[in-house]
Structure formats: structure tokens, C-alpha cells
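Step one of this worksheet: look at the structure below.
Values quoted throughout were computed directly from the atomic coordinates according to the rules given, and no laboratory measurement underlies them. Small disclaimer: the values here were computed from a predicted structure and weren't measured. Quick reminder, even Gly has a Cβ in these numbers, built from the backbone with ideal geometry, and neighbours come from all protein chains shown.
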Amino acid sequence: MIRVPLLRSLRRYLSSWFTWIPVLAATLLAFAWGRTLGPFAVMVVALALIAAVLTAVHHAEVVAHRVGEPFGTLILALAVTVIEVALVVSMILSGGDGASAIARDTVYAAIMIVCNGVVGLCLLLGSLRHHEIKFRVDSTSPSLSVLISLAVLVLVLPTFTTSTAGPTFSVPQLAFAGVMSVVLYAAFVFFQTVRHRDYFLPLDTDNSIDDEHAAPPSVRQAWLSLGLLLMCLVAVVGLAKLMAPVIRSGVSAMGAPAAVVGVLIAMLVLSPETVAAVRAARANRIQTSLNLALGSALATIGLTIPVVAALSVVLGFPLVLGLPAKEMVLLALTLVVSVLTLASGRATVLQGMVHLVLFAAFLFLAIVP
């Protein structure tokens, strides 16, 4: 009986912070812009950047809840794309070793984090609590087919093309890959939210501990969240530009490979969806967890890569997309295991552990290549 009032109090407390964080982040950006940051200022800016990212996703979810599908999914995906593109492009323009491969490293890391880390954790926690968990193959199979196609098109083919030297696309090839990525992602959104929306609904056998859906926010709340979302996005873009040189120098000082930067960006961008997916899995809503996880991975490739590709042509910075051999093997292994795991419509602790072991291998080899 005490749990509901406590949850409501916590939500009100967080809502007040979600209102003030955009204002504080924008104010901090105005004061810090063009100045040399000391150690304490760097810590404050880093915390503000993380808070602004999480707050932006929160307000995007509020607006998405108000407008409904399919526009809600698009608003949330566009907000996350703006955040990810801001972080990626800021790191690329800051220069340094591996700058041209930041976009590739971020997208690759996002796929590995989602397919192994998020999916593995959700399967493990869900099956530990509910023994055997079930989900719809009608949703996971199409999602994986689009994900595999995009991953091979963007991350594998550039290594084998001959129009340019190295694992890169020529401008026509880059334009083709960008357009096809958008087309595939748009087709998936239409499939998920309009044509076959029922494929992505939870199974009737799901015993959720939170079956009640929150009422949509009022028009006033939605407009307020939209304004705060735009303020957050401006703050994220500016703070990311301030932090880019600091992050790169910090990674270099630790002696870590340049690809670690992409891992950090992907973890930051995917953190809200990860929390939501894990909570849904613990509530025996594994279908919701898989929708969130696979949808995040698809948005990362289907929207981020085309935008970064277009900016690379306009701004003239190089863009390396093809994966090295080791990463290509890990990607292939991950996609094969994901197909085997999600093709049966049910999973246990074993499948969750397999994915988490692959995630651990990805993190270890990213730090110790």
C-alpha cells in the first residue's frame, strides 16, 4: 500500500528536475562557451551533458506519448538521432587519431550493446524471475532482417568496395547507402506502427505487474516538454562540442584505443532505452524490451549514418565505415546468435548468458584489441 504513493512522489520529484535541467544546461553552456575549462568545470560540463541527454529523451517520450503512433516513434527517434549526431560530429571535428572512424565505431558499438548487452540482460533478468519468457517471432524476425541488412550495407560492404582506397565509400556509394538506410528504416517504422502494429504488442500470456498505461499528458504538458526538448538538444550540441577535445585527450591519456570513444557515445545515447527495457523485462513484458532494444539499434543505423554521411559531404570531413576483420567476426557472431535466440519465440537463462558473454568479449577486445 505504501509503494504507489512513494512512486508518485518520486515521479513528481524527477519531473521537477526534468523541468529545470534544460534551463541549467543552457545557462551553463552560455557561461562556458569560448572559455578554457579547468578540471572542476570539465566535471560540471560532463555531468550537465549526461543530464541533458537523459532529460531530452524524457521530454521526447512525453511528446511522443501525446501525439501517439506513428508520429510518436518518429519524434523519439529524431531526438535521439540529433543527440547522437551531435556527439559523433563533435568528436570528428575535434580531430585526432581515429576521428574519421568515430561514426563507424559508434554504430558498431550500438549494435553490440543492444544485441548483446541490452538483449542479454533483459533475457537473463526476465528468465531468472519468470523462468521461461515468451515473445512474438512476428516482430523479432522482421526487426533482425532489417538490422542485418543495414549492418552489412553500412559496416561490411565499404571494406570490399574498390571505388576508393580503404574501408570507405565514394560519394555516390555514400549517397546510395544513406538513401537506402532511410528507406529501410522508414519501411520498418511503417511496418511497426501502421501496417502490422499488432505484431509488436505484448503476448496475451504476459503477466505484467504494471498493466495500466499512463494517461497521455495534457496539451500544455506536451508543449512545455517540446520547448524543453528543443532547449535540451541545443544544450547537448553545444556541451558536446565543449567536451569533445576533453574526451579525446582523456582516452589518449589512459592509453585506450580510439574506438573506446564510440563505445562511450553509444552507451550514453542508449542508457535511457536500456533502463526502460530492463524494467519491462523484470515486469515480464519482454516484448516491450525487445521492441525498445531492436528499435534503438535500427534508429542508430537508419537515421544517424545518413545524417553523418550528408554532413561529411557538406563539411568535407573523411568518413571511414568499413569494419576491421576482428570487429567483423564479432558482428557476424552476434547477428547469428541473435537470429538463433529470437527465432524460437521463447528464451531462458542460457540465451541471456550467451549474449552477455559476447558483450563482455566486445568490451574486453575494445579496450585490449
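Using only side-chain charges placed at the Cβ, +1 for Lys and Arg and -1 for Asp and Glu, the dipole size of the chain relative to its Cα centre rounds to 560 debye. Taking chymotrypsin sites (Phe, Trp or Tyr not before Pro) as exposed when their DSSP state is a loop state and no more than 14 other Cβ atoms lie within 10 Å, the longest site-free interval of the chain runs over 161-369. Taking other Cβ atoms within 10 Å as a rough exposure proxy, GLU327, GLU132, GLU84, GLU61 sort from fewest to most as GLU132, GLU61, GLU327, GLU84. The percentage of C-alpha pairs in the chain whose separation is greater than 32 Å is 32%. Working note: Cα gyration tensor of region 143-277, eigenvalues times five, square-rooted, sorted largest first, giving semi-axes of 33, 26, 17 Å. Taking every DSSP helix (H) stretch of at least 4 residues in the chain, weighting each as -39,500 (n - 2.57) and dividing the sum by the residue count yields a mean residue ellipticity at 222 nm of -24500 deg cm²/dmol.
Ranked by the mean number of other Cβ atoms within 10 Å of their residues, highest first, the peptides 113-125, 331-343 come out as 113-125, 331-343.
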